[in-house]
Amino acid sequence: MDQLNPNEINDALKDVRNAYRLLALYQTRLLDVIKYSANAFNVTFNSGWSKFSNAASHGNRASIEKLSWDWLTLYLYEFNLGGIDLGENRFNFKIVHQADTGFYDASEFERVSPKNVDQFGDVNEAVTRLFFVMSKNDNGCPKKNILNGNLKSKDQDVIVKGNWLAVPYTMQRFSNHTETDRVLNDFNEKCKSTFGVDLLHIVKE
């Protein structure tokens with residue numbers, strides 16, 4: 001560990017306290033966006049999975065040997081919002097939160113340890129975003145099925161792979177209800193062009 005004098009420690013701890021408070025506010029906003037989006041498609045959250053780390057859990061299942069990232073599960077996280085049944089087809093809806101593309105922006109990131117945050121890509125170039133993911137008659141891990149290889153900040157295009165669709169939206173797009181509605185309508189248009197279904201219209205009948 002680096003040696004710090006008392007003033008440096010005090011300053012660092014102030015930053016830590018501010019960081020926790022900022023994360024609490026940000027995650028409240030994030031969860032509001034997830035709930036609002038789920039309501040628009042008439043689905044509900046039913047499970048969630050950390051996709052960057054191995055969640056530390058609680059009770060005697062927790063381990064002090066886990067990485068610090070295992071206690072910060074929302075760095076890359078899947079919100080599973082269940083399915084929409086239309087005729088014989090089931091459309092599974094997920095939203096994947098990517099807090100920071102920095103790890104994936106690192107050159108040869110496969111060789112970068114999550115412990116070495118100083119090797120992550122430049123925070124000024126990284127982005128924070130949500131992937132809206134829909135699959136037709138298919139389910140499973142969105143990272144494995146469609147997002148792997150598309151998690152760098154430069155990966156901004158719509159992704160279609162087999163029965164899977166993923167659309168990235170930066171968090172700036174969710175500044176208020178009106179802007180969020182624009183995102184939801186945009187994603188609905190992508191679903192129409194990919195799967196031939198108007199999900200927002202159908203679920204609101």
Checklist entry - Can you pull out the residues in the stretch 180-193 that are out of contact with any helix residue (DSSP H, G or I) (no Cβ under 6 Å at 6 or more places or on another chain) and either over 21 Å from GLY140 (Cα atoms) or open to solvent by 70 Å² or more (accessible area, probe 1.4 Å) (or both)? => result ASP181, ARG182, ASN185, ASP186, GLU189, LYS192, SER193
Item to check | Criterion (of a type outside the set (Lys, Arg), in contact (Cβ under 8 Å) with a residue 12 or more places away in the chain and either outside any helix (DSSP H, G or I) or open to solvent by less than 100 Å² (accessible area, probe 1.4 Å) (or both)) met by exactly one of ASN18, ASN10, ASN42 | outcome: ASN42
Checklist entry - Since HIS177 meets every condition but one in (1) open to solvent by less than 10 Å² (accessible area, probe 1.4 Å); (2) more than 18 Å from the chain's Cα centre (by Cα), which condition does it not meet? => result (1)
Checklist entry - For ASP85, are the conditions met, namely being free of Cβ contacts under 8 Å to residues at least 40 places away in the same chain, part of a strand (DSSP E or B) and either closer than 23 Å to CYS191 by Cα or not polar (S, T, N, Q) (or both)? => result yes
Checklist outcome for this item: Among residues of the stretch 120-140 being open to solvent by 40 Å² or more (accessible area, probe 1.4 Å) and of a type outside the set (A, V, I, L, M, F, W, C), the residue farthest from the chain's Cα centre (by Cα) is ASN137
Item to check | Any hit, the stretch 51-67, residues being charged (D, E, K, R), open to solvent by 30 Å² or more (accessible area, probe 1.4 Å) and either modelled with pLDDT of 90 or more or within 23 Å of ASN124 (Cβ to Cβ) (or both) | outcome: yes
Item to check | Cβ pairs under 7 Å, 6+ apart, first in the stretch 102-116 and assigned to a helix (DSSP H, G or I), second open to solvent by 40 Å² or more (accessible area, probe 1.4 Å) and modelled with pLDDT of 90 or more | outcome: GLY102/VAL123; TYR104/LYS152; ASP105/GLU125; ASP105/LYS152
Checklist entry - So which residues in the stretch 141-174 are crowded, with 17+ Cβ neighbours inside 10 Å, basic (Lys, Arg) and not in a helix (DSSP H, G or I)? => result LYS152
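The values are calculated or read from the model by the stated rules, or taken from the named source; none is laboratory data. The shown structure was predicted, so the numbers you read here are calculated from the model rather than taken from an experiment. With ideal geometry, Cβ positions are generated from the backbone for all residues, glycine too; neighbour counts draw on all protein chains shown. Calculation scope for accessible area: heavy atoms of the full protein, side chains included, ligands and nucleic acids excluded. Shrake-Rupley method; radii C 1.70, N 1.55, O 1.52, S 1.80 Å.
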